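What follows is one structure encoded as structure tokens, with my remarks underneath.
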Amino acid sequence: MRRVGIALAAVGVLTAAPLLAATSPDNRSDYGVSLAISGEEARAESIFVSMLSHTRGDTRALNNLGNIRLLRGETGVALAFYERALKGDSLDAGIHLNRATALLLLGDQVRSEAAFATGVKLAGSLENAQALLGITPEKTPTDKAAKKTVIDPEQLRAMLKHAATTVPKDSVKLLDSNVASQTSGKKTSTWRSAGARASDGSDTPLILYWKR
């Protein structure tokens, strides 16, 4: 009788599992972002990769993998991830802003300014664009983000303000998808903070758009 009871319990668990899988929301992206922000980039990366194995072209995973690569100093690879993410969601202002940041770090000032302008336009305002990146209009982000980051928050704010004055009035168009190959060999922009490197074990910066 004890064995029968165990067997019935096992059947109950197996029967309930598909139901739970069908009704439970997909929180993997939220969990991955939490890990990345807390500095556990390797674990976060594994989660985002697993998301792509289940849903090819998942824009959340692609954007967030781009962020992780950017933090590691692999800016050209990060840009390629952002490009792929935009193919799936070309109206996501945050991805455009991440892409603009990558282009700027690669030294592509012209395309960076255009991408920032597109991001600001899609966000609806300068304030909204700053909020997507975790930047307040009047002060720098939290100390944790400001201490160790590949991105200078003050210069990023200046770029956003400039972009707000040059927002394109024509329809939003994605820039060519060959930027990564064209710019990967360029000298890194001096816009990069001199005291921060993605490989120095620093905390994951909050001055990026993480897609949940």
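List the helices (runs of 4 or more DSSP H) inside the range 1-85, counting only whole elements, that have at least 3 residues being at pLDDT below 95 and surrounded by fewer than 21 Cβ atoms within 10 Å (Cβ to Cβ). In the range 1-85, 2-23, 28-37, 41-54 are the helices (runs of 4 or more DSSP H) which contain 3 or more residues that are at pLDDT below 95 and surrounded by fewer than 21 Cβ atoms within 10 Å (Cβ to Cβ). Annotation note: Cβ proximity below 6 Å between a residue of the range 34-50 that is free of Cβ contacts under 8 Å to residues at least 60 places away in the same chain and a residue that is of a type in the set (G, A, S) (sequence gap 6+ or interchain) occurs for L35/A44; A44/G32; A44/A36; I47/G32; F48/G32; F48/A61. Tell me, yes or no, whether the range 100-114 has at least one residue that is surrounded by fewer than 15 Cβ atoms within 10 Å (Cβ to Cβ), of a type outside the set (D, E), in contact with a helix residue (DSSP H, G or I) (Cβ under 6 Å, 6 or more places away or on another chain) and assigned to a loop (DSSP other than H, G, I, E, B). No, the range 100-114 contains no residue that is surrounded by fewer than 15 Cβ atoms within 10 Å (Cβ to Cβ), of a type outside the set (D, E), in contact with a helix residue (DSSP H, G or I) (Cβ under 6 Å, 6 or more places away or on another chain) and assigned to a loop (DSSP other than H, G, I, E, B).
The values are calculated or read from the model by the stated rules, or taken from the named source; none is laboratory data. Quantities reported herein were computed from a predicted structural model and do not represent experimental measurements. Positions of Cβ are generated from backbone atoms using ideal geometry, with glycine treated the same way; all protein chains shown enter the neighbour counts.
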